[in-house]
Amino acid sequence: MDGINSSNVVELRNVTVKFENDVILDNLSLAIRDKEFVTLLGPSGCGKTTTLRLIAGFLEPNEGEILFDGVDVNGVPAHKRPVNTIFQRYALFPHLNVYDNIAFGLKVAKVPKSVIAQRVSEMLELVNLKGFEKRAVNTLSGGQQQRVAIARAAINNPKVLLLDEPLAALDAKLRKDMQNELKSMQRRLGITFVFVTHDQEEALSMSDTIVVMDNGKIQQIGSPTDIYNEPQNAFVADFIGESNIIDGVMLKDRLVRFHNRTLECVDFGFEPNEPVDVVIRPEDVDIVHPEKGLICGTVTSVTFKGVHYEIIIDVDGFKWMVQTTDESKVDDFVGLSIDPDAIHIMKKSEYSGTMGDYSYFSDEMEEISNPDYGNEETEDEEVD
Amino acid sequence: MKKSTNVFLNAPYVVWAGIFVVVPLFIVLVYAFTDANGNFSFDSIIALKDYWNNFLLSLLYSLVATVVTLIIAYPFAYALSKTPAKTQKIQMMLVMLPMWMNLLIRTYSWMNILDQNGIINQILLSMKLKPVTFLGTPGAVIFGMVYNYLPYMILPIYTVMAKMDNSLVEAARDLGCNGFNVWRKLILPLSMPGVISGITMVFVPSVSTFYISQKLGNGKIMLIGDTIERQMQALNNYNLGAALSLVLMILILVSMFIMNRFADSTGEGGVVV
């Protein structure tokens, strides 16, 4: 992603956005390649929606440049940008029927009526809504409104389609189907999608590239497998999937010490005795007889999850999460077995020590117990 | 069970509406079709032909007043809906504030302000300018209507503007609309229910007013309201007064019917009256 060149359809260079005294985006640089499915992933208030609004032209950065095909578009209003947006709550025009909603952009562009009719029927076919032309949009279900919103945006042949949490309002089953549909639609249309979500599973299953954001900064850019297997810091490791993140010391290349045990690993390139964060995914840990285990602990909770059990194990006061198909019982004394290649070493960061221990409720749980929760997001939207 | 409860709950309103709406309407109807002795007669209806110019004048004045009110209220309501939420409440209160005072008092105040020796002419005189005759001119009457009924236009338009989702405006911009097109293709059609409510709420009281035209028109401008008042109060001709009222009612009903048709075609029925 380092290559700053003209094949980048959209590029943000050192962009800063402030809202009064809050820094929403902090010196952010990002390049989006043509025909790529890029996901901006992060918790609420991380600046992902603001980034999308910058690209759409609803918001101007305080500092920095935004380039389309290498050309600076600062000051170019939203209606002159070759991008279209799919809004979180669809924002369909309530006074127009399905046909007129989809035809809206072409009518504004004064495209001949016969061409509009043909394009609209193509779009209705693309989103599987043939025969809905005359329906009022408020008589449609959430999934159907979603499709109208997609058709309304895609009909304008945008270079980039911006999607602001478009699946958030749909129920779980439909969301899965729409993920597949969006992905295949992106391939068929052959255009760039910039997709905003806080749902890591959605991001992993749809994206070519994931941009993990927090606190107005990019934490990591990479393919879904990179992001999952090689998280760069504790935030990414914790946000994408479940992680046990343990304080450790890198003794030398391929040898790490944590929980007072020295284990082999596959990472190298750290200073001798450098303090590090050790990431181990719950599914990479096996529960074995205490004598065979490298690390031993006591089971404190067992939850059946369908595919596997989720087992919390207390090791010297640190709570591990293990996902395994073998059942254990609470208060069992067990051993943990970890392969060297399941141990991932990260440099220390500002997030070190704040996450990755399963002693507490998650951040999200704390957030929803907080009466101020969600206020950040509304502030985010008010920036205009 | 549910039905009987509904009937029970409705009863007071049915009785109320019967006594204070249906019965008076019936009395008006009876008066319109009888003579002074209470015999059935078409005299009053026939006499209506002498008053058609009053009807036309009323229609003309109220139409002009409604158009002027709309021209002032629409941009005002739009601008108001765009100001920060905190100041919106205060500004809205300022709009409504004059309505806390009685219509008669407000109109009397304007009489004093616009009078030959009123405040405005005093100021003009002190600036060595010639005094202007305001009272008795069509301008003063229309001004009185606009002043009195402006809040009724602002309020419904402001309400639809304020509840308009800003993401719709962004969607329109996103789909290629410049500022004017956003207004023409989105804001205007979505604000129509408010506009129609506003027009109805200004037109109906304007077309039937007698007080404003009497005081600010200095008795020179006879609108249909004035004619009815004169027949009833000064000439004691209740039959002709009732016939005139009947025509005015029909006029209002027809115009409301037309406005309602507009409201239906824009989707949301927004007529309040």
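Here are some notes:
- Residue in the range B:181-196 that is polar (S, T, N, Q), assigned to a helix (DSSP H, G or I), open to solvent by 10 Å² or more (accessible area, probe 1.4 Å) and within 14 Å of chain A (Cβ to nearest Cβ) present: yes
- Enumerated helices (runs of 4 or more DSSP H) restricted to the range B:1-107, each holding at least 1 residues that are of a type in the set (Phe, Trp, Tyr), over 30 Å from B:Met164 (Cβ atoms) and open to solvent by less than 50 Å² (accessible area, probe 1.4 Å): B:52-82
- All positions within the range B:166-180 that are in contact (Cβ under 8 Å) with a residue 12 or more places away in the chain, open to solvent by 10 Å² or more (accessible area, probe 1.4 Å) and either more than 7 Å from every other protein chain (Cβ to nearest Cβ) or closer than 30 Å to B:Ala140 by Cα (or both): B:Val169
- Only one entry of A:Lys183, A:Lys159, A:Lys113 meets the criterion of being open to solvent by 10 Å² or more (accessible area, probe 1.4 Å), modelled with pLDDT of 90 or more and over 30 Å from A:Asp69 (Cα atoms), and that entry is A:Lys113.
- Within the range A:220-252, the set of residues being under 17 Å from A:Val38 (Cβ atoms) and not hydrophobic (A, V, I, L, M, F, W, C) comprises A:Gln220, A:Gly222, A:Ser223, A:Pro224, A:Thr225, A:Asp226, A:Tyr228.
- Filtered by the rule that a residue be assigned to a loop (DSSP other than H, G, I, E, B), in contact with a Phe, Trp or Tyr (Cβ under 8 Å, 6 or more places away or on another chain) and more than 19 Å from A:Gly293 (Cα to Cα), the range A:246-274 gives A:Asp253, A:Arg254.
- Some residue of the range B:134-141 being among the aliphatic types (A, V, I, L, M), away from every other protein chain (no Cβ under 14 Å) and assigned to a helix (DSSP H, G or I): yes
- In the range A:127-135, the count of residues that are surrounded by fewer than 22 Cβ atoms within 10 Å (Cβ to Cβ), more than 25 Å from B:Arg173 (Cβ to Cβ) and within 29 Å of the chain's Cα centre (by Cα) is one or more.
- When the range A:60-115 is limited to residues that are within 28 Å of the chain's Cα centre (by Cα) and either of a type in the set (Ser, Thr, Tyr) or outside the structural domain of A:Asp34 (by TED's automatic domain parsing) (or both), the one that is farthest from A:Phe132 (Cα to Cα) turns out to be A:Thr85.
- Among the residues examined, A:Tyr351 does not qualify as open to solvent by 30 Å² or more (accessible area, probe 1.4 Å) and out of contact with any Lys or Arg (no Cβ under 8 Å at 6 or more places or on another chain).
- Every pair of residues 6+ apart whose Cβ atoms lie under 8 Å, when the first sits in the range B:11-39 and is within 17 Å of B:Val247 (Cα to Cα) while the second is among the aromatic types (Phe, Trp, Tyr) and assigned to a helix (DSSP H, G or I): B:Tyr31/B:Tyr238
- In the range A:93-118, the residues that are facing another protein chain (nearest Cβ under 8 Å) and either within 24 Å of A:Phe193 (Cβ to Cβ) or among the aliphatic types (A, V, I, L, M) (or both): A:Phe93, A:Phe104, A:Gly105, A:Val108, A:Ala109
- Contact map, the range A:308-319: first residue assigned by TED's automatic domain parsing to the domain that holds A:Asp332, second residue open to solvent by less than 40 Å² (accessible area, probe 1.4 Å) and outside any strand (DSSP E or B), Cβ cut-off under 8 Å, separation 6 or more or different chains; pairs are A:Tyr309/A:Ser328; A:Glu310/A:Pro282; A:Ile311/A:Ser328; A:Val315/A:His259; A:Asp316/A:His259; A:Phe318/A:His259.
- Residue in the range B:198-205 that is part of a helix (DSSP H, G or I), open to solvent by 10 Å² or more (accessible area, probe 1.4 Å), touching a helix residue (DSSP H, G or I) at 6+ places or on another chain (Cβ under 7 Å) and within 13 Å of chain A (Cβ to nearest Cβ) present: no
The values are calculated or read from the model by the stated rules, or taken from the named source; none is laboratory data. In this text the structure is predicted, and so the values were computed from the model without any measurement. With ideal geometry, Cβ positions are generated from the backbone for all residues, glycine too; neighbour counts draw on all protein chains shown. Areas reflect the complete protein model, heavy atoms only, side chains present, ligands, DNA and RNA absent. Shrake-Rupley method; radii C 1.70, N 1.55, O 1.52, S 1.80 Å.
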